[in-house]
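Trainee: This structure is in C-alpha cells; I'll ask about it shortly.
Just so it is clear, none of the values below were taken in a lab; they were calculated from the coordinates. Since this is a predicted model, take the numbers as computed values, not measurements. Glycine gets a Cβ as well: all are built from the backbone with ideal geometry, and neighbour counts include every protein chain shown.
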Amino acid sequence: MGFAVRVDADGARHNDGSSQSNLVSLHSPSHVAGAQSIPDAVHSPASKPSTPAEVKQLPTAPRLPLGLKLLVGLQQGSTIFTGGLVAAALVIYSWTVYLDKSVARAFRELEVLKVSTQQVTTVNETLKHSMAEQAESPTAGFKPFEPKRAIFLAPAPVRPSVEHAPMPEAPAPMSHPLGY
Amino acid sequence: MGSTGVPYLLLYPFMVTQPSNPFQRPPARRPRHLASPRFRLVTVWAFLVLVMLGLSARLIRLQLVMGDQLKVQAQEQRQSLPQVPRASRRPIIDRQANVLAVDRVVYTIYAHPMLFSRSREEMAATLGNVLNRSQDTLLQRFQEQETGIQVAVDVSEELAERLRNLRLDGLDLLPSQQRFYPQQALMSQLVGYINLEGEPQAGLEYALQDQLLYDLEDVPFPNSLQQQQPNRDDLRLQLTLDSRLQRVAQRNLDATVRRYSAKQGALIVMDSRDGAILSLAVTPTYDPNRYYEANVEQFKNWVVSDLYEPGSTFKPINVAIALEEGLIVPDEYIYDEGKLEYDQWTIQNVDYKAVGGRGSINITDVLRHSSNVGMVHIMERLKRSDYYSWLEKMGLGSSTGIELPAEALAQLKSRSQFVNNPVEAATTAFGQGFSLNPIQLAQLHSALANGGQLVSPHVVRGLVDPEGNLAWQPQRPDGKKLFSKETTQTVVKMMEAVVESGSGQPAQVANYRLGGKTGTAQKANEYGEYGDGRLVSFVGILPVENPRYVVLAVIDEPLGEDSYGSTVAAPLVKSVVESLVVMAGVPPSTAE
C-alpha cells in the first residue's frame, strides 16, 4: 500500500474527470497510475465508468448470523462423523463376516481331523487285533508268557537325584587351639 | 429455495455424501413449464424417494412381520439335508489305552439310474470297480428300477470319499454313525454293544451311557440355524482291564470249556488292593459288531447276572471267620468222622467212600482235603445268629458295586430259617445252601489277599484325557474291614498248603508261592434238588509272601467223570497265572 487517498471537500465539487490530481504520491510519482483501490463511498457513481482508474469493490459475502454458522458447522461435523460411522460399520460388518467364516472353516477342519483320527484309530486297532490273532496261532512261532522264559530284575536302589560334587571335607571346628 | 427446503431435509439422510445438491443452485429465470429441468428433477427425485420408501416398507415387513415365520421355513428346508444322525459316544479304552469301542462313520449308497449322466453300463463298471462288486449284478439292478436302489451298506469313509471325488450324478451317500469294536468278541461281555438304532443294549455301553455320550454344542456356522452336534472332546472311558491278559485268559478258558464240553465258563483276575478287575473272560461270547447274529442268551454276562453255590471255595472264608472270632487256633485239631447226620440230611466228605473218616486233623488239613465234616465242626462253634450276621456283613445279599448292569444279588436263607435250622449253617460251612455271583466270591477272596479289607470290584477306571489324567471317576464306597491281617495271613498260608500238597496241586507254578482252593459243587436242578450237574471252580491267591492277585476260574457243567475243581479249573488258573506274573512283573518267590 504505497498510496493514500486525499479526500477533501472541493475534490467532490471540482471533479473534472481526472482523479490524478487527487492522488498524492507518498514515495514516487511513477506509481500513481496503478492505484485502483479507492473506496466507493468517496466517488460519485457517475464518474466510475468514465475513469479508467476507477476501482471496483469485490462483492463480499454477507456475514452469516451466528446461529446459522453454528448449524453449518454442525452439519459439516456430523457429515464427517457419519462418514466415519459408515466406514466403521462396514469394517465391523466385514470383520464379523470374516470371523464367522474363519471360525466355520476352522470348525470344519477340526471335524475333518476328528473324523480322520477316528479312521486312523479304527484301522490301527483293527490291525493290532488281527496281528494278535495271527500271533495266537501255533504256526506263528510265538511263545506264550511263561515265568521261566522271563527275566525279572530287581529295581536298583533309589539313588539321590542330585549328584553331590565331592566337597572338600570341612575342617572340624576347633574349640581350642591345637598346639604342635 | 423455499420450495426445495422441505424435500431436501427428507433426502438428507440418504444422500449424506452429496452435500452439493443441484437444488441449491439459484433458481433459473426461465418460465416454469413442463419441460423445465427443475420439474423433471423433482419428478425423478420424488420417484426415487417413493421407490426407496417402498423398498424400506417391504424390508420392514419381511424382517419384522414375517421374520419368524420365514426363519422356521428356512430351518425346515435346511433340516431335510442329510446329516450324520445319532448321538455319538466316547471311545472305550483298556488299561494300556488299546481301543475297545470307537465311533465311526459309515455310508449307505443309493443309486438313482434316472439321474445318471453317464450310461448305466459305465456307471455299473465304475461302481463295481470302486466297491469291489460284480458289474453285471449292479447293471441288472440298475435296469430294474429307476430310483432308490440300495447299492451298498457300511461303506467306509475312504471309499465314500473316493466315490465323491468321481463326481458321479445320481448317487446318494447317506452317512450314519456306527459303533465299532476292534477287539471283536474279546471284551463283548464287558463292553456290551450299541444296536443299529444307536441305542446301548448291554454291558458298559448301557450302564455308563450318560458318561459315554458327548455333550452337545452349538455349531458355529454362519447363516445357519443354530443346530447342535456332539462336542467330540478327547475324553475316553478307561477300563481297568488288560487286553493282553484278557486275550490269554479268553483263549485258555475257551480251550478248557471246549475240552470238557462245558456249558459256560468264566475267569476273573482281580487286583485285591483296590478291587480292579484285570481280566474278566466269559464264554460263550459274541462279536458286538455283529450282535444280531448272536444268541440272545449270550448278551448277559453270567459272571454278574447268575448265581451259583460256591462250594469248597467258600471254606477259606469260613475259616477266616472262625479265626477272627477266636473260635479256633491255626494248629488246632478237629475230629473228622467223615459223615454226619442232620435230621434227615446226611453230610459227608466227597471222598468218604474211598477214605472214610480221617480222624483228628488240623485246620490246614481240613482245607487241604476239603473236609466237609471238619468245616461243619469248625462252624458249629459259631452262634448261628452271629454266623448269619457275618454273612450279611460280608455283603451277601447286597450289590458288590461293580459297574456292569443286571447284577444278581446273593441269595441267603432268611435269618429265622438259618438260625432255627442247624443244617443251614452246616451246609453253609462248606459253601452250599446259598448262592452268590462269581464276582462276589472273588471280592471275598480279595479281602483274604489284601489283609481283610472288603474292596469294591470294578472294571472302570474313569474318564481320562489323552495324558491319562482322570476327569471323572465312579464313586466307590470305602471298603470295610472284615478280618485282621494276622487272620488273613494265616488263611492264605493254609491255602498255600492246598496247592503244595492238597487238591490244588495242578495249579502249582514253578518258583511261585500260590495259595488256592478247589471247589466242586453240585448244581441244584430246576426242582431244587441236587442233580448230576457240577460246577467246578478254583480260586488262587498270589504271591503268598505279599498277596495281591486273586484268580478265580468257574466252569459250569463240565462233562466227564474226571471233572473236578482240581482237574478242570486249577490247570486253567495255572495257565493264566503264568502270564499274569510276567505281565504284572511279579518276581519269583525266593526259596525259603
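Trainee: Please work out the FRET efficiency for the pair B:Glu76 and A:Thr139, using the Cβ-Cβ distance as r and a Förster radius of 60 Å; give the result to the nearest 0.05.
Mentor: Efficiency, rounded to the nearest 0.05: 0.50.
Trainee: Rounded to the nearest 10 degrees, what's the angle between the helix B:438-449 long axis and the longest principal axis of chain B, both from Cα atoms, 0 to 90?
Mentor: 60 degrees
Trainee: In degrees between 0 and 90, to the nearest 10, how far off the longest principal axis of chain B does helix B:315-324 point, with axes built from Cα atoms?
Mentor: 80 degrees
Trainee: Pairing the Cα long axis of helix B:485-501 with the longest principal axis of chain B, what angle in degrees results, from 0 to 90 and rounded to the nearest 10?
Mentor: 70 degrees
Trainee: By the scheme Lys and Arg +1, Asp and Glu -1, what is the net charge of all other residues having a beta-carbon under 14 Å from that of B:Gly357?
Mentor: -2
Trainee: Which one of B:Asn289, B:Pro200, B:Val269 has its Cα pushed farthest toward the positive end of the charge dipole of region B:177-319, where Lys and Arg give +1 and Asp and Glu give -1 at the Cβ?
Mentor: About the Cα centre, the residue reaching furthest to the positive side is B:Val269.
Trainee: Taking the Cβ of B:Gly565 as the centre, find all other residues whose Cβ is under 11 Å away and add up their charges (Lys, Arg: +1; Asp, Glu: -1).
Mentor: +2
Trainee: Would you compute, from DSSP H runs of 4+ residues alone, the mean residue ellipticity of chain B at 222 nm, taking -39500 (n - 2.57) per run and dividing by the full residue count, rounded to the nearest 500?
Mentor: -10500 deg cm²/dmol
Trainee: Dipole of region A:66-136, Cα-centred, from +1 at each Lys and Arg C-beta and -1 at each Asp and Glu C-beta, to the nearest 20 debye?
Mentor: Value, rounded to 20: 640 debye.
Trainee: Along the charge dipole of chain B, Cβ charges K/R +1 and D/E -1, which of B:Val499, B:Tyr214, B:Met66 sits furthest on the positive end?
Mentor: B:Met66
Trainee: Excluding the sites themselves, what is the longest stretch of chain B that contains no trypsin sites (Lys or Arg not before Pro) in a DSSP loop with at most 10 other C-beta atoms within 10 Å?
Mentor: The longest such stretch corresponds to B:168-592.
Trainee: Where does each of B:Leu64, B:Leu241 land when they are ranked from fewest to most other beta-carbon atoms within 10 angstrom?
Mentor: Lowest count first: B:Leu64, B:Leu241.
Trainee: Would you mind ranking B:Asp465, B:Asp532 so that the residue whose beta carbon has the fewest other beta carbons within 10 Å leads the list?
Mentor: Fewest to most other Cβ atoms nearby, the residues stand as B:Asp532, B:Asp465.
Trainee: Also, I was wondering about something else. Defining a contact as two alpha carbons under 8 Å apart and six or more residues distant in sequence, what relative contact order in percent does chain B show?
Mentor: Taking the mean separation of contacting Cα pairs over the length of chain B, I get 13 percent.
Trainee: Related question: Over region B:446-528, what is the relative contact order in whole percent, taking alpha-carbon pairs under 8 Å and six or more residues apart?
Mentor: For region B:446-528, the relative contact order is 25 percent.
Trainee: Of B:Ile92, B:Pro175, B:Gly148, which is farthest along the charge dipole of region B:80-192 in the positive direction, counting Lys and Arg as +1 and Asp and Glu as -1 at C-beta?
Mentor: B:Ile92
Trainee: Fewest Cβ neighbours within 10 Å first, please rank B:Thr428, B:Thr256, B:Thr313 accordingly.
Mentor: The order, fewest Cβ neighbours first, is B:Thr256, B:Thr428, B:Thr313.
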